[in-house]
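Encoded as structure tokens, the structure appears first; notes follow it.
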Amino acid sequence: MLTYRVRGSVIANEILSDVSELPTRARVVVNGGEHTGFIKSDGSFAVENVKVGDSLLEISSADYAFPKVHLRISIKDDGKASIATRYVQIGSEWSESAPVLAYPLQISAAQKYEFFTPRQGFNIVAMFSNPYMLMVGASLLGIFVLPKLQANMDPEALKEVQNKS
């Protein structure tokens with residue numbers, strides 16, 4: 001079976017200003033883990049033994065998101081391997097109409113993951129929309145308003161209500 005060595009590098013941009021900031025656990029993954037490669041401190045990587053045909057290359061990092069790359073490795077008539085690389089969106093068809101990327105690959109970070117959200121401040125509306133606060137409010141309403149209604153009730157109707165109890 002013919003295999004190919006896929007080479008490339010992660011390059012700096014406004015999102016990832018220094019490639020050495022990438023965590024050491026960042027990896028280059030082909031076909032969901034069929035082949036893996038490590039990213040060196042200078043950003044270069046190589047993945048060995050990638051089979052001829054179509055493959056999906058991903059950079060797996062906990063801190064940064066990278067675009068996915070469709071690899072199409074084919075053998076020319078003279079016996080040499082040829083590789084065509086294109087960005088691809090997950091969930092869409094691999095299209096030949098997408099522009100071909102330069103080889104060796106140069107991939108830059110698309111976004112930085114934000115795992116923590118800032119704590120929300122005090123919000124009185126959110127507090128009173130809580131179901132427990134609504135139950136407390138209904139109970140307090142019953143405690144303080146119903147006796148006032150009972151005091152304003154017709155005396156005959158009040159005796160009738162007391163006799164039923």
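The values are calculated or read from the model by the stated rules, or taken from the named source; none is laboratory data. This is a predicted model, so every value here is computed, not measured. Using ideal geometry, Cβ is built from the backbone for each residue, glycine included, and neighbour counts are taken over all protein chains shown. Ligands, DNA and RNA are stripped out before the accessible areas are found, and what is left, the full protein with its side chains, is counted by its heavy atoms. Shrake-Rupley method; radii C 1.70, N 1.55, O 1.52, S 1.80 Å.
In this structure the amide hydrogen of Y4, modeled in the peptide plane, comes within under 5 Å of the amide hydrogens of N49, V50, K51, none closer than 5 places in sequence on its chain. For the peptides 31-37, 109-115, the ranking by mean Cβ contacts within 10 Å, running from highest to lowest, is 31-37, 109-115. Rounded to the nearest 10 degrees, the inclination of helix 131-151 to the longest alpha-carbon principal axis of the chain is 10 degrees.
Taking the longest Cα principal axis of the chain as reference, the axis of helix 155-164 is set at about 70 degrees. Remark: the chain carries 71 Å² of accessible area per residue (probe radius 1.4 Å; ligands, DNA and RNA excluded).
Each listed q (0.08, 0.10, 0.12, 0.13 Å⁻¹) maps to a log10 I(q)/I(0) for the chain from the Debye sum over equal C-alpha point scatterers, namely -0.46, -0.55, -0.67, -0.75. The accessible surface of segment 1-104, taken with every protein chain in place and a 1.4 Å probe, is 48 percent carbon and sulfur. Can you grab the distance from the C-alpha centre of segment 12-27 to the C-alpha centre of segment 109-143, Å, no decimals? When both Cα centres are located, 37 Å separates them.
Contact order for the chain, expressed relative to its length and based on alpha carbon pairs under 8 Å spaced 6+ residues apart, stands at 20 percent. Report note on the peptides 154-160, 74-80, 46-52: ranked by the mean count of other C-beta atoms within 10 Å, highest first, their order is 46-52, 154-160, 74-80. Using Cβ point charges alone (K and R +1, D and E -1), the dipole size of the chain about the Cα centre works out to roughly 220 debye.
Once backbone amide H atoms are built at 1.01 Å from N, S82 has S74, I75, K76 as its partners under 5 Å, excluding neighbours fewer than 5 places away on the same chain.
When the charge dipole of the chain is built from unit charges on Cβ atoms (+1 for Lys and Arg, -1 for Asp and Glu) and taken about the Cα centre, the candidate among N130, L149, I59 whose Cα reaches farthest toward its positive end is I59.
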